[in-house]
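The values are calculated or read from the model by the stated rules, or taken from the named source; none is laboratory data. Computed from a predicted structure; not experimentally measured. Cβ coordinates were reconstructed from backbone atoms using ideal geometry, including for glycine residues, and neighbour counts include every protein chain displayed.
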Amino acid sequence: MIPRRELIFQVVLHILVFWFYTYDRRNPGIEGFQIAFFLNYTLWTILITYFLMPRYLYQKKHWKFFGGVLMVIVGTVMLQEGVLEPIFFAGTRRAQIIPGLYWSLFGVVPILAILSGFKFAWDALQKQKQIDELKSTVEESELQFLRSQINPHFLFNNLNNLYSYALENSPKTPEIILEMSGVLRYMLYECKERFVPLKKEIEQLDNFIKLYKLQIEDRGKVRFETHQINSGYKVAPLILIVFIENAFKHSQSGQSSNISIDINVSQKGNQLQFTCSNNFEDVKELDAVANGIGLSNVKKRLQLLYPNRHELEIRKESNQFSVLLTMELEKSE
């Protein structure tokens with residue numbers, strides 16, 4: 001059974017073609033033979049579109065398809081010249097089969113092609129819709145997979161630090177556990193949506209930074225500033241956190257003092273500008289840190305969530321590592 005939307009699509013376009021087919025400025029009106037001829041074309045077109053196309057053309061059996069189309073053309077012309085012409089034009093030259101075959105061929109083929117093209121166009125639109133839905137499903141699955149990597153990555157990096165504090169019976173251990181639980185709660189329960197309120201994400205950045213500042217203690221300075229953050233926008237969750245985490249890892253790799261980390265988040269219209277810079281000591285392990293799972297993950301997420309809507313620049317020069325990210329924010333509904 002033909003779906004309702006497709007039926008409406010076909011009927012409307014067939015009516016338009018019929019109107020062009022019958023239109024004659026010198027002789028306005030619709031003649032009976034025009035209706036009969038067009039019904040002849042329509043019936044043969046149904047054979048092409050709902051039998052030959054799905055059975056042969058879409059199955060890549062091209063020779064069988066074109067052979068079937070040729071038989072349809074012959075059947076259409078023969079029915080028109082052998083049956084309809086004698087009925088509507090009996091006793092005239094037009095009713096003679098042989099002289100009319102040649103001219104009928106040029107009249108029949110274009111109309112069959114146009115009417116069959118409607119079905120082909122509809123099928124192409126539906127196929128593209130399926131491809132888009134499949135692509136969206138694949139992208140969403142990949143995003144879920146990439147997001148699922150963040151929690152273990154976060155835990156792995158922080159449990160080691162927590163372990164060392166616990167061995168030392170540090171009084172900061174309960175505070176670290178509390179901050180970790182808050183960040184994990186946000187990651188697990190509040191980041192299920194594709195985009196989250198920008199202000200909520202900024203609040204979690206602040207909590208995340210507080211957690212890592214506990215590890216630095218008095219070995220350096222961490223500056224976190226925000227400017228003109230608008231509550232009417234949304235952002236993909238857990239994007240900026242990766243860069244901040246990377247900055248802390250850089251600074252603490254082979255460096256025990258004079259740690260300096262500067263983080264700045266600002267907004268201009270729908271543009272979010274994020275900068276994060278940190279100093280570091282040049283050690284062999286730094287390249288592994290810079291190219292770890294976190295940065296690789298976030299680059300893929302940016303490509304999926306902000307295609308052609310973000311710019312990411314990562315610099316490493318003179319014992320300074322910096323990230324500059326600009327991306328277009330989603331507006332809250």
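Computed quantities for the displayed model
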{"quantity": "Qualifying residue in region 286-306 (condition: assigned by TED's automatic domain parsing to the domain that holds Asp218, exposed (fewer than 15 other Cβ atoms within 10 Å of the Cβ), at pLDDT 85 or above and not in a helix (DSSP H, G or I))", "calculated": "no"}
{"quantity": "Condition check for Phe224: buried (at least 20 other Cβ atoms within 10 Å of the Cβ) and assigned by TED's automatic domain parsing to the domain that holds Ser257", "calculated": "no"}
{"quantity": "Residue tally, condition within 21 Å of Asn158 (Cβ to Cβ) and in contact with a Leu (Cβ under 9 Å, 6 or more places away or on another chain), over region 212-238", "calculated": "1"}
{"quantity": "Enumeration of residues in region 235-272 that are buried (at least 20 other Cβ atoms within 10 Å of the Cβ), more than 18 Å from Val183 (Cα to Cα) and not aliphatic (A, V, I, L, M)", "calculated": "His250, Ser251, Gln252"}
{"quantity": "Subset tally (residues that are farther than 29 Å from Trp122 by Cα and part of a helix (DSSP H, G or I)) for region 1-32", "calculated": "1"}
{"quantity": "Qualifying residue in region 5-25 (condition: among the charged types (D, E, K, R) and closer than 15 Å to Lys119 by Cα)", "calculated": "yes"}
{"quantity": "Conditions (1) assigned by TED's automatic domain parsing to the domain that holds Leu325; (2) of a type outside the set (Gly, Ala, Ser); (3) at pLDDT below 85; (4) surrounded by fewer than 16 Cβ atoms within 10 Å (Cβ to Cβ): number failed by Phe156", "calculated": "(1)"}
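Quick grid of which residues meet (1) more than 29 Å from Lys331 (Cα to Cα); (2) not polar (S, T, N, Q):
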| position | (1), (2) |
| --- | --- |
| Thr173 | yes, no |
| Ile176 | yes, yes |
| Leu184 | no, yes |
| Glu203 | no, yes |
| Glu245 | no, yes |
| Asp262 | no, yes |
